[in-house]
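Asker: For reference, the structure I am asking about is given below.
What follows draws every value from the coordinates through simple rules; no lab data is involved. As the structure is a computational prediction, the values presented were derived from the model and not from experiment. Cβ coordinates were reconstructed from backbone atoms using ideal geometry, including for glycine residues, and neighbour counts include every protein chain displayed.
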């Protein structure tokens, strides 16, 4: 059984650029959630994908968008990067309907915006 | 809106001490509560999950309790070790449309010195 894998692990971008982060969910999981964790803060929910559709969104602007693919992997896209987008981006997968709502987190992608 | 608070923000203790980390949440309509461990720059490792109908969970030297009516949880660490040094995060899962979305506290940064 493989866990959640994220790529890239680190990346540096400049203001105004666009970034795509990738996540492979744990085997058997069908739901992916994305979180943003700024330095010294707890993770903040960005959105969740189930059956390739967005299924809940936190307080993030539309320039944060995502995709889920038929194999349940997912992408997070951020357009027009701002300095405050610098953070650790965490992906978590889970199995919808299992009653326990247990999320498995990846190691994260560290984004630095200069 | 659910708010999660963790006290203390930081804790530094000698090896061998028994510790209590506190978590409080404002909306008692939760699905479950989880405690996570996060090592510097890393992802989240789930330690304990308590369903809303349960009062406590135990794993090794860790014990977590939940008092849903008062909006509180505690994580008890027995006989602390230097390897326990990490940030401990508390998260609650909402019901209904927010099921699957976790609300995190800012964490307690624990240092256990030999």
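Asker: Among A:34, B:35, which comes first, then next, by fewest other beta-carbon atoms within 10 Å?
Answerer: So the ranking, lowest neighbour count to highest, is B:35, A:34.
Asker: Another one. Taking springs between alpha-carbon atoms closer than 10 angstrom, which of A:40, A:16, A:58 fluctuates most in the Gaussian network model of chain A?
Answerer: The residue with the greatest mean-square fluctuation here is A:40.
Asker: Determine, for A:64, A:69, the number of other Cβ atoms within 10 Å of each Cβ, and report the residues in order from fewest to most.
Answerer: Ascending number of Cβ neighbours within 10 Å: A:69, A:64.
Asker: Please compute the modelled spin-label separation between residue B:113 and residue A:80, points set 7 Å along Cα→Cβ, answer in nm with one decimal.
Answerer: It is 4.9 nm.
Asker: If you project the alpha carbons of chain B onto their three principal axes, what span does each projection cover, largest first, in Å?
Answerer: That works out to 45, 28, 20 Å along the principal axes.
Asker: Describe numerically, in nm with one decimal, the distance between label points set 7 Å from Cα along Cα→Cβ at residue A:114 and at residue B:52.
Answerer: With each label placed 7 Å out from Cα toward Cβ, I get 4.8 nm.
Asker: Can you divide the C-alpha Rg of segment A:29-94 by 2.2 N^0.38 Å and report the result to two decimal places?
Answerer: Normalised Cα radius of gyration, segment A:29-94: 1.08.
Asker: Moving to a separate point now. For chain A, count all C-alpha to C-alpha pairs, find those more than 20 Å apart, and express that count as a whole percent of the total.
Answerer: Every Cα pair in chain A considered, those over 20 Å come to 35 percent.
Asker: Here is a follow-up. How high is the FRET efficiency between residue A:52 and residue B:59 when r is their beta carbon distance and R₀ equals 41 Å, given to the nearest 0.05?
Answerer: 0.70
Asker: Just from the alpha-carbon atoms, what are the Rg and Dmax of segment B:45-112 in angstroms?
Answerer: 13.0, 40
Asker: Taking other Cβ within 10 Å of each residue's Cβ, how do B:73, B:53, B:46 sort, fewest first?
Answerer: B:53, B:46, B:73
Asker: Give me the percent of Cα-Cα pairs in the protein assembly as shown that sit more than 24 Å apart, rounded to a whole number.
Answerer: When all Cα pairs of the protein assembly as shown are counted, 44 percent exceed 24 Å.
Asker: Could you work out the relative contact order of chain B? I mean the mean sequence separation of Cα pairs under 8 Å and 6+ apart, divided by the number of residues, in percent.
Answerer: Relative contact order for chain B comes out at 36 percent.
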